[in-house]
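J.: I have a structure I would like to understand better, so I am pasting it below and will then ask my questions one at a time.
The values are calculated or read from the model by the stated rules, or taken from the named source; none is laboratory data. Just so it is clear, the structure is predicted and the values come from calculations on it, not from any experiment. For neighbour counting, all protein chains shown are included, and Cβ atoms are generated from backbone atoms with ideal geometry for every residue, glycine included. Keep in mind that these areas ignore ligands, DNA and RNA; they rest on the heavy atoms of the full protein, side chains included. Shrake-Rupley method; radii C 1.70, N 1.55, O 1.52, S 1.80 Å.
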Amino acid sequence: MPVRDLTAQDFVTYKTMSSGAFGGSYDPSSAAAPQDFSPGETALGIDASGLPGGLDGVLAAGARIRHDQITLGGGLVGCGGIAGLVVHPAHRGDGLFRTLLTAVIARCDAESLPVSMLYPSHPAIYRRYGYQVVARGQSLIVPLVELQRIPAVPDRRLVPVTAATMPRLRELYHRLSAGDNAMLRREPPLFAEGLPGAGWSALLLQDEFGTNHGYLSWTRHGQDPRGVGLDVHELMGRTRSDRLALLRSLGSWSTVTELVRLRVRTEDPVLDVLPGAGTRPSPEPVPLVMMRVIDTAATLRARRAPEQLSGRIRLVVEDGTVPAGTCRAAGTFLVSADSGTIAAEPESARVPEVLGTVRLDIHAASLLLMGGRSLADARRLDLTAAADPAAETFLDALLAGPRPSVMDAF
Ligand SMILES: CC(C)(COP(=O)(O)OP(=O)(O)OC[C@H]1O[C@@H](n2cnc3c(N)ncnc32)[C@H](O)[C@@H]1OP(=O)(O)O)[C@@H](O)C(=O)NCCC(=O)NCCS
């Protein structure tokens, strides 16, 4: 069952199979229909022709690897985002999933993507291959009546986001998400440079000199049966008062809708300024985000260490979920921090002095290396995370930070 690269010639076949599986409508004869994979992704597939009952010209399975960058511990790391993984209904139940996903993991490694991310429809099948739930999408239903009472914030004004001001929003987003873990950078070619379109609107929050301090993006739609008429995609401000100014602006919609749905990050600072009473979780299913370490040393090197942290540990990562050599997650590494920089290398013959050893299974490594969790958290999930005390203190300090958040668009 060889896995091969899919090219423009395979696109219509792949897209027809994936929209058939996920329920999209793809009409290749329509002028607007895409005819090729994005240059920002790698597509892999398995031909049906070599399989029992397989026909020539039919794909038995396919998947796309997005080449994203995500924030990690104050730095950035390449992330293989797995999208549209599908096995043709005629070939399901024959083990193609394992073949394809193992090839996808190997390809992420070959393309220097040290971590991989996906939104699973069925987490258990990905967990078997080392993916670990690290985050979940979260939205709140917020009554607007409460936001109307927020007093005006001095020295702040709102400016519409247009094609001309969109680059300022992007730049601000990069600045305001830089300290988060796992937030996508949202850069071309996977994200268009211009306005997102389809009813998307946004405002920038500026001071009197035109410096940007925050933004709010939303889509207005008809009021749903629960009274929600506005989906707020993001509300990001530099300071508490900037977030209050943006919430106050949201309150101005109360004449046309009673409630808004507000998408938030895992530990979103907006939670600290929301008036609170009446705010409740949105009742939709919660999308889970799974991640997997592909290259342990590169994932660690991508982040910054706390300036004052210095020391060296031995880190052992065990990965029995894919054949040895599929990727560079497993191994014994020397990990050190000094003056804000992390060094991480496979252990060589000459062993320098270390604070101690940390031993993680691939699930614990995938959880912890995305930041914001401790070894004790991993153990509470029944993952393998054993360590000498000094090494555990060191690694916990190295990986401290906000829990990962993933928001896939502006
Ligand atoms: C999910 C899907 C990719 C599985 O592919 P497949 O080749 O049939 O799967 P395999 O036969 O290799 O089985 C892989 C594992 O998934 C499990 N599995 C397969 N279909 C499943 C289902 N519908 N529900 C629960 N488990 C399932 C199998 O039991 C197997 O587990 P094991 O590793 O413990 O033996 C395939 O059914 C499909 O394309 N579905 C529609 C699209 C989809 O859901 N894609 C995944 C999006 S995240």
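Yes or no, residue by residue, for (1) open to solvent by less than 20 Å² (accessible area, probe 1.4 Å); (2) hydroxyl-bearing (Ser, Thr, Tyr); (3) free of Cβ contacts under 8 Å to residues at least 12 places away in the same chain; (4) out of contact with any Pro (no Cβ under 8 Å at 6 or more places or on another chain):
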site	(1), (2), (3), (4)
SER249	yes, yes, no, yes
VAL256	no, no, no, yes
LEU271	no, no, yes, yes
GLN308	no, no, yes, yes
VAL316	yes, no, no, yes
GLU345	no, no, no, yes
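J.: Related question: Look at the range 102-141 and say how many of its residues are open to solvent by 40 Å² or more (accessible area, probe 1.4 Å), at pLDDT 95 or above, within 15 Å of the ligand (Cβ to nearest atom) and hydroxyl-bearing (Ser, Thr, Tyr).
T.: Number satisfying all stated conditions: 1.
J.: Please work out which one of (1) within 12 Å of the ligand (Cβ to nearest atom); (2) in contact with a helix residue (DSSP H, G or I) (Cβ under 8 Å, 6 or more places away or on another chain); (3) part of a strand (DSSP E or B) is the condition THR71 fails and give its number.
T.: Failing condition for THR71: (1).
J.: Checking the structure you have, find out if any residue of the range 14-23 is surrounded by 11 or more Cβ atoms within 10 Å (Cβ to Cβ), among the aromatic types (Phe, Trp, Tyr), on the phi < 0 side of the Ramachandran plot and assigned to a loop (DSSP other than H, G, I, E, B).
T.: no
J.: Let me spell it out: the conditions are (1) more than 9 Å from the ligand (Cβ to nearest atom); (2) open to solvent by 50 Å² or more (accessible area, probe 1.4 Å); (3) not polar (S, T, N, Q), and ASP94 meets all of them except one. Which number is the exception?
T.: Here ASP94 meets the rest and fails (1).
J.: Just give me the residues in the range 263-287 being of a type in the set (Lys, Arg) and more than 23 Å from the chain's Cα centre (by Cα), in sequence order.
T.: ARG280
J.: Against the condition over 28 Å from ALA337 (Cα atoms) and outside the structural domain of HIS363 (by TED's automatic domain parsing), how does THR257 come out, does it pass?
T.: The answer is yes for THR257.
J.: Oh, and also: Residues in the range 356-404 that are open to solvent by less than 10 Å² (accessible area, probe 1.4 Å) and among the hydroxyl-bearing types (Ser, Thr, Tyr): how many?
T.: The qualifying residues number 1.
J.: Considering the range 8-35 alone, what residues qualify as being away from the ligand (no atom under 16 Å from the Cβ) and closer than 22 Å to ASP56 by Cβ?
T.: Of everything in the range 8-35, those that are away from the ligand (no atom under 16 Å from the Cβ) and closer than 22 Å to ASP56 by Cβ turn out to be ALA8, GLN9, ASP10, PHE11, VAL12, PRO28, GLN35.
J.: For VAL86, are the conditions met, namely being away from the ligand (no atom under 16 Å from the Cβ), not in a helix (DSSP H, G or I) and not charged (D, E, K, R)?
T.: No.
J.: Checking LEU158 against (1) under 22 Å from the mean Cα position of the chain (by Cα); (2) assigned to a strand (DSSP E or B); (3) touching a residue at least 60 places away in the same chain (Cβ under 8 Å): exactly one of these is not met. Which one?
T.: Going through the list (1) under 22 Å from the mean Cα position of the chain (by Cα); (2) assigned to a strand (DSSP E or B); (3) touching a residue at least 60 places away in the same chain (Cβ under 8 Å), LEU158 breaks only (1).
J.: Checking VAL145 against (1) among the β-branched types (Val, Ile, Thr); (2) open to solvent by 50 Å² or more (accessible area, probe 1.4 Å); (3) within 14 Å of the ligand (Cβ to nearest atom): exactly one of these is not met. Which one?
T.: (3)
J.: Restricting to the range 163-189, what's the tally of residues that are open to solvent by less than 30 Å² (accessible area, probe 1.4 Å) and touching a Leu at 6+ places or on another chain (Cβ under 8 Å)?
T.: Within the range 163-189, residues that are open to solvent by less than 30 Å² (accessible area, probe 1.4 Å) and touching a Leu at 6+ places or on another chain (Cβ under 8 Å) number 6.
J.: Still on this model: From (1) surrounded by fewer than 16 Cβ atoms within 10 Å (Cβ to Cβ); (2) on the phi < 0 side of the Ramachandran plot, pick out the condition that doesn't hold for GLY278.
T.: Unmet for GLY278, out of (1) surrounded by fewer than 16 Cβ atoms within 10 Å (Cβ to Cβ); (2) on the phi < 0 side of the Ramachandran plot: (2).
J.: I'd like the full set of residues that are part of a loop (DSSP other than H, G, I, E, B) and touching a Gly at 6+ places or on another chain (Cβ under 8 Å), limited to the range 40-61.
T.: ALA48, SER49, listed by residue number.
J.: Being away from the ligand (no atom under 15 Å from the Cβ), surrounded by fewer than 11 Cβ atoms within 10 Å (Cβ to Cβ) and under 18 Å from LEU96 (Cα atoms) is true for just one of ASP56, ASP5. Which residue is that?
T.: ASP56
J.: Pick out, from the range 228-299, the strands (runs of 3 or more DSSP E) lying fully within it that include 2 or more residues that are over 18 Å from GLY137 (Cβ atoms).
T.: The qualifying strands (runs of 3 or more DSSP E) are 228-237, 288-293.
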